[in-house]
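The values are calculated or read from the model by the stated rules, or taken from the named source; none is laboratory data. Keep in mind it's a predicted model, so treat the numbers as computed, not measured. Every residue, glycine as well, gets a Cβ built from its backbone with ideal geometry; the counts of neighbours run over all protein chains shown.
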Amino acid sequence: MAITSNCMGSQMPPSRHIPQSSTAEWCEQMAPYNHGKEEVKSTALTSQQGDSFSPIEALTQRVSSWTKLVHVVAYVLRFIQRTRTIKLVALTNGARLTFEEIQAARILCLREAQKCFMEDRNLLTENKPLRSRSQLIKLSPFVCKDGLLRVGGRLANSLLPADVKHPILLPKSHRITRMILEHEHRANLHPGVSALFVITRQKYWVFGARNLIRNLVHNCVKCFRQRKITERQFMADLPGIRITEALPFQHSGCDYAGPFILKERRGRNPRKTKGYICLFVCLVTSAIHLELATDLSTDTFLACLRRFMSLQGKCSQIFSDNGTNFVGAKRALDEMQQHLSSQEHQHTVTQLLANDGIKWSFIPPHSPHWGGKWESSVRSVKLHLRRVVGKTVLTFEQMQTLIVQISAVVNSRPLCYTPDTDITYLSPAHFLIGRPFTTVPEGDLTHLPINRLDYWQHLQSMYQGFWKRWHQEYLTSLQQRQKWNNKERNIAVGSVVLVKDSNLPPASWILARVLEAHQGPDGLVRAVKLKTSTGEMTRPITKLAVLPNSETMFQGGPGC
């Protein structure tokens, strides 16, 4: 129900008119009915200022909306009227409040909010000029017939309604003011800051209204859920394995791309199946290795992993996301390692292989930015694949040949920016074969004498030169943070958050509570453990939106 104030022109009936008495008189009127009932007193109804006890001020701390506050005060005023004259009991129309009763209660609550202007009000009542430092002096205020301070202004001769020409003055720091703004925000279907400011100015002149409205709209849960704003944190430093010299593919990342449509054979009407690309990327040199997989099962991935390590060497650590196939592969590797370790009669080499198992690390679920190294490599591979294949359906052999050629092209790309005139750029292929895959091989050198050992020393110096350029050119290009340059406040344990789901609208994102906050080496939280209605989960903060805290009411219930 929108708030209306007709105290500029209408006069209430004598039987319903509430005299312009202060709340202190109301307390005196209520005193005989509180005699012998000291047990009903509570801390919410007691004032910390002794003599300046205000029941309406205490009531504002117990109710959550402007409408409820007005109705409670209206029922109290009705009770006072009944105690004064017993005949009024027969005149009331049931238990429903009338317009006059609600209007009288609204005026009494607005007077309570205007108590901070008491000094200016007394000067206006005595027809004295306001102080030069008064915040009301520029508005030419006056006291209307209902005892409310209104803006005098310069629009008295305009054709605007009386409430618009002379809005009610309200302070920005009073709780009643905030409840009125929240009521207008809900009654007008959650408008923005500028729209709510214009709507409020039609009836109320609130000092500092724009900042107060901006804070109110920001803390509105319904508006917050539609903004789709998630958390972010200062970008972390690169891990040590990314910036430490190591053999190619010793530290690798793994991901899948696809699916792609493949045909089983050539000819007419061949049967079509799905195919996937299993990508391995070196976290140090950015070299990639592609394997074609027929499905996403654990056995197929283990076969791809065996082929990869047979060609590129054994890895010491592999990083991947939390795909079910990767989780199953890790379990299979752990079981294999335990099985090999239990066979004491095996050869010494077998024992060394068992002890030197592969360390598998998973990034948090639904956090692809944590695996940006292999995500960007997947993008590069798909870029060439779409442009070459298009809508053509290839056989397994054709696709296998194509992805090998794509890996050669991607591995021959420059690692960092090079000038247009520089032809001696550094590429991932330099660390694999000593030159880009796309260059012409050197001529036959078998005719050289066997005692030319300085030639192999020259090759070794060239290989060391690649790592020198890697330190000087490539590593220095990783200094800048492209985004997330400011440190934000960490998410606290116990916070209520929304969990982002790209397949659902923001209003349908599930609620969760933070159970644990995982801090990084720099003390900043970038992943948390959550408790939802269906169980527990781990998510990065980029998938979370921390709900604001409303000062007057809880808005996070069903239907928000």
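Tabulated data
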{"read-out": "Checklist (1) closer than 30 Å to VAL164 by Cβ; (2) among the basic types (Lys, Arg); (3) assigned to a loop (DSSP other than H, G, I, E, B) applied to ARG265, failing item", "value": "(1)"}
{"read-out": "Members of segment 465-511 that are assigned to a loop (DSSP other than H, G, I, E, B) and among the acidic types (Asp, Glu)", "value": "GLU488, ASP501"}
{"read-out": "Tally, over segment 297-331, of residues that are of a type in the set (Gly, Ala, Ser), in a loop (DSSP other than H, G, I, E, B) and within 20 Å of PRO368 (Cα to Cα)", "value": "1"}
{"read-out": "Extreme residue, farthest from GLY153 (Cα to Cα), among residues of segment 96-131 that are under 47 Å from the mean Cα position of the chain (by Cα) and not in a helix (DSSP H, G or I)", "value": "ARG96"}
{"read-out": "Within segment 253-288, considering residues that are at pLDDT 85 or above and among the basic types (Lys, Arg), the one farthest from ILE241 (Cα to Cα)", "value": "ARG271"}
{"read-out": "Only listed residue being within 19 Å of ALA105 (Cβ to Cβ) and either surrounded by 13 or more Cβ atoms within 10 Å (Cβ to Cβ) or touching a helix residue (DSSP H, G or I) at 6+ places or on another chain (Cβ under 6 Å) (or both), chosen from ILE213, ILE168", "value": "ILE168"}
{"read-out": "Residue within segment 484-506 that is modelled with pLDDT under 85 and closer than 30 Å to PRO414 by Cβ present", "value": "yes"}
{"read-out": "Test: residue in segment 218-232 that is within 30 Å of ARG386 (Cβ to Cβ) and surrounded by fewer than 16 Cβ atoms within 10 Å (Cβ to Cβ)", "value": "yes"}
{"read-out": "Residues (in a loop (DSSP other than H, G, I, E, B) and either among the hydrophobic types (A, V, I, L, M, F, W, C) or more than 16 Å from PRO365 (Cβ to Cβ) (or both)) located in segment 512-539", "value": "GLY520, PRO521, ASP522, GLY523, LEU524, SER533"}
{"read-out": "Unmet criterion (only one of (1) touching a strand residue (DSSP E or B) at 6+ places or on another chain (Cβ under 8 Å); (2) part of a loop (DSSP other than H, G, I, E, B)) for LEU415", "value": "(1)"}
{"read-out": "Close pairs (7 angstrom Cβ cut-off, 6 or more residues apart or separate chains): in contact (Cβ under 8 Å) with a residue 40 or more places away in the chain in segment 503-527, among the aromatic types (Phe, Trp, Tyr) anywhere", "value": "LEU524/PHE234"}
{"read-out": "Tabulated pairs, segment 345-369, first modelled with pLDDT under 75 and buried (at least 16 other Cβ atoms within 10 Å of the Cβ), second of a type in the set (Gly, Ala, Ser) and in a helix (DSSP H, G or I), C-beta under 6 angstrom, 6+ apart or interchain", "value": "ALA354/SER341"}
{"read-out": "SER380 being touching a helix residue (DSSP H, G or I) at 6+ places or on another chain (Cβ under 6 Å) and either modelled with pLDDT of 80 or more or part of a loop (DSSP other than H, G, I, E, B) (or both)", "value": "yes"}
{"read-out": "Set ILE102, ILE137, ILE107, ILE86: member being of a type outside the set (Phe, Trp, Tyr), over 29 Å from GLU182 (Cβ atoms) and modelled with pLDDT of 90 or more", "value": "ILE137"}
{"read-out": "Extreme residue, nearest to the chain's Cα centre (by Cα), among residues of segment 247-261 that are of a type outside the set (Val, Ile, Thr) and surrounded by fewer than 16 Cβ atoms within 10 Å (Cβ to Cβ)", "value": "PRO259"}
